[in-house]
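Here, each number is a calculation from the coordinates, and none is a lab measurement. Predicted model only: the values in this text are computed from it and were never measured. Because the Cβ atoms are built from the backbone with ideal geometry, glycine has one as well, and the counts that use them run over all protein chains shown.
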Amino acid sequence: MKQLILILLVGMLVLGTLGAAGVQESAGAAPKIGQGRTLVVGIWGGPQEEIVREHVAKRFEEETGATVEFVLGGSSDRYARIYSELNNPSMDVVYLSMAQTEQATKDGVIRAPNPDRVPEYKNLYPIATASGGYGVALMAIGLMYNTDRFPTPPDSWLEMWKPENKGKVAPFVFPGTQGTAFLVMAAKVHGGSEENIGPGFEAIKKLKPFPMILSGIDEMNLAFQQGDLWLAPQMDGYAYNFKDAGGPVDFVLPKEGAVLSMNCAAVPKNTKNADLAEIWINIHLSQECQQAYAEVLKYGPTNRNIKLDADLASKVVYGDAAVARLYGLNNPVVSANQSAWADRWNREILEK
């Protein structure tokens, strides 16, 4: 009987010890904030999707326990959906252009930035916060030039109007990112502005005959390769990628300024996953993802604390001095006048 009682006591002691250990283990393994939840991210496909899958999604899922679902496509579709789905958004993070983010902020369809939950926000350049969202990538539209023709880099937009370059300068189609930037800068360096666009049209007409009206990257690169094109407005990343591939080109930020192009991340106003969305955006703004954007796409970091090696830093918008030379378009004025400008472009620029 004594032996039976002893066995029972030992068994109870063992079970009690195991039970206590189990309680401690459960207490120490609190569920993660995103356990059982899904974050839906709307972004462009191709390299940008690949970069965030590798450098944001993996870390995000590990830290939060949530899963990530991507909705791929152009920003125009995402922009329309955050309006049509205002009360029940299907996406929790949306990547938009700067102009789209500015308008969405004005219309109250995205949430204001939350520095308490996105600590990297305080490290952004002021220009990266101006849209009302979170700027995630900086691009500059400046001068792409033929290095065979210009052993010394041209330093001004006005180089395009020098007589010796006649017939070797081409604009981009309008409307379009590069086309709009060039029209506005042509106006600015000839005494105009977005509010007074006439000098831009008059100046561009003086560049005729054009070797072509640019509409694609491949045709532009071929024209530079063959020597048919010496100067053109272009985005820095496209120019540097062609240079790295052996193209006879380089890129310069003109002294009058280069036009800012910026990708932004935003959180739809009524998402139920705002807490997860802010964690996602904070990871995107950190070193690993921002560096990958610079390496793969030649997009400049919006976070002033990002460290890049000297060679890579020379090929992207990087540092206070370079950022200070970016000119942000007056997007409300551009948007309001785009249709009228397009009609004028067709009549005055495209006519023979």
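When you look at Ala232, is it among the aliphatic types (A, V, I, L, M), in contact with a strand residue (DSSP E or B) (Cβ under 6 Å, 6 or more places away or on another chain) and closer than 24 Å to Arg325 by Cβ, yes or no? Yes; evaluated as a whole, the condition is true for this residue. Tell me, yes or no, whether region 117-134 has at least one residue that is basic (Lys, Arg), within 20 Å of the chain's Cα centre (by Cα) and surrounded by fewer than 21 Cβ atoms within 10 Å (Cβ to Cβ). Yes, region 117-134 has at least one match. Only residues that are touching an Asp or Glu at 6+ places or on another chain (Cβ under 9 Å), under 18 Å from Gly133 (Cα atoms) and among the charged types (D, E, K, R) were counted across region 243-271, and they come to 0.
Is it the case that Asn114 is closer than 22 Å to Asp320 by Cα, surrounded by fewer than 22 Cβ atoms within 10 Å (Cβ to Cβ), in contact (Cβ under 8 Å) with a residue 60 or more places away in the chain and of a type in the set (S, T, N, Q)? No; evaluated as a whole, the condition is false for this residue.
What residue, among those in region 335-352 that are free of Cβ contacts under 8 Å to residues at least 40 places away in the same chain and not in a helix (DSSP H, G or I), is farthest from the chain's Cα centre (by Cα)? Selected residue: Lys352.
Testing Met212 on (1) touching a Lys or Arg at 6+ places or on another chain (Cβ under 9 Å); (2) touching a residue at least 24 places away in the same chain (Cβ under 8 Å); (3) farther than 17 Å from Gly142 by Cβ, one condition comes back false. Which one is that? Every condition holds for Met212 apart from (1). Residues in region 31-49 that are in contact (Cβ under 8 Å) with a residue 60 or more places away in the chain and not β-branched (Val, Ile, Thr) were compared, and the one that is surrounded by the most Cβ atoms within 10 Å (Cβ to Cβ) is Leu39.
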